[in-house]
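Colleague: Let me give you the structure first, and then I'll get to my questions.
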Amino acid sequence: MGAPYRHGRYWYYARTEAGKQYAILCRKEGSLEAEEILLLDENVLAEGHEFFSLGAVSVSPDGLRLAYATDTDGSETYDLSVKDLASGAALIDRVHDVVSLAWCSDNRTLYYTTRDAAKRPYRLYRHRLGQATGSDELLYEETDERYTLSVSRTRCGTYVLLVSSSVTSDEVRALRADDPTAAPRLLLARREGMEYSVAHHDGSFYILTNLDAPNFRLVRTPVDDCSSEAW
């Protein structure tokens with residue numbers, strides 16, 4: 001069993017069983033002494049396939065749904081599914097070739113990134129549960145082939161962050177997680193050689209950057225102004 005970690009009211013962990021090839025994802029509510037709740041058994045998902053790999057996994061903020069991506073043919077193409085954790089039933093939502101994903105606070109909206117023909121993550125879409133994926137809204141496209149795109153939610157849950165990264169530079173956009181109609185807002189424009197990452201806490205953004213600091217430095221900035229003059 002892996003080391004459990006707490007998120008919200010649950011403790012999450014993965015474990016394996018003798019004779020089984022893949023992991024079993026579980027959680028316990030309230031404490032580690034509580035009854036085990038099965039989230040996802042990779043062994044069941046792998047049945048009938050010569051190859052299986054689990055990609056991105058994310059539980060909705062209310063803890064009632066699980067979004068996960070799987071590759072069952074070794075192509076490194078992961079398809080998104082959503083599971084109702086109360087009933088155990090799979091929802092109708094399916095998205096092809098998903099790399100990263102993040103939930104909106106309404107528990108019904110998912111952000112996800114997809115790849116181009118060169119297998120580079122480059123587009124961010126917004127999907128609402130129950131709607132056809134063909135109508136998903138394209139929010140951003142990374143046109144510079146040197147950069148890859150990823151989406152994640154801040155640990156505090158206030159923002160969804162969209163990160164464009166190259167070998168030597170980064171650029172971050174933010175969306176309010178409580179607004180399912182929000183558009184990505186640029187925090188700090190890319191500069192050649194400038195790397196940075198962003199976290200949010202108590203009304204401020206915290207930026208870890210190598211700008212004028214080869215070994216990196218941590219700065220705090222207002223959420224409405226991330227320019228270096230406001231650090």
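The values are calculated or read from the model by the stated rules, or taken from the named source; none is laboratory data. For clarity, every value in this text was computed on a predicted model and none was experimentally measured. Cβ atoms come from the backbone with ideal geometry, glycine included; neighbour counts cover every protein chain shown. These accessible areas exclude ligands, DNA and RNA; they are computed on the full protein's heavy atoms, side chains included. Shrake-Rupley method; radii C 1.70, N 1.55, O 1.52, S 1.80 Å.
Colleague: Under the condition of being acidic (D, E) and in a strand (DSSP E or B), which residue from the stretch 9-42 is surrounded by the most Cβ atoms within 10 Å (Cβ to Cβ)?
Modeller: Of all residues in the stretch 9-42, those acidic (D, E) come to 17, 29, 33, 35-36, 41-42.
Checking which are in a strand (DSSP E or B) leaves us with 29, 41.
On the way: E29: 13, D41: 16.
So, considering only residues that are acidic (D, E) and in a strand (DSSP E or B), the one surrounded by the most Cβ atoms within 10 Å (Cβ to Cβ) is D41.
Colleague: Confirm whether V99 is under 26 Å from S164 (Cα atoms), open to solvent by less than 60 Å² (accessible area, probe 1.4 Å) and hydrophobic (A, V, I, L, M, F, W, C).
Modeller: yes
Colleague: Pick out the one residue from V172, V223, V219 that is under 25 Å from V99 (Cα atoms) and out of contact with any Cys (no Cβ under 8 Å at 6 or more places or on another chain).
Modeller: After ruling out the rest, the residue left standing is V172.
Colleague: So, T113, is that one touching a strand residue (DSSP E or B) at 6+ places or on another chain (Cβ under 9 Å) and crowded, with 19+ Cβ neighbours inside 10 Å or not?
Modeller: Answer is yes for this residue.
Colleague: Same structure, new question: Only one of these is farther than 16 Å from L101 by Cβ, charged (D, E, K, R) and modelled with pLDDT of 95 or more: R153, R123, R191. Name it.
Modeller: Exactly one of R153, R123, R191 is farther than 16 Å from L101 by Cβ, charged (D, E, K, R) and modelled with pLDDT of 95 or more, namely R191.
Colleague: Also, quick follow-up: Select from the stretch 123-181 the residues that are closer than 18 Å to M194 by Cα and among the basic types (K, R) and write down the one among them that is least open to solvent (accessible area, probe 1.4 Å).
Modeller: R173
Colleague: Out of all the residues in the stretch 191-209, which are free of Cβ contacts under 8 Å to residues at least 40 places away in the same chain and open to solvent by 30 Å² or more (accessible area, probe 1.4 Å)?
Modeller: R191, E192, G193, E195, S197, D202, G203, Y206, L208 - these are the residues of the stretch 191-209 that are free of Cβ contacts under 8 Å to residues at least 40 places away in the same chain and open to solvent by 30 Å² or more (accessible area, probe 1.4 Å).
Colleague: Considering the stretch 43-86 alone, what residues qualify as being among the aromatic types (F, W, Y) and in a strand (DSSP E or B)? Please lay out each step first, then the result.
Modeller: Initial filter on the stretch 43-86 (among the aromatic types (F, W, Y)): 51-52, 68, 78.
Hit for the stretch 43-86 is Y68, nothing else.
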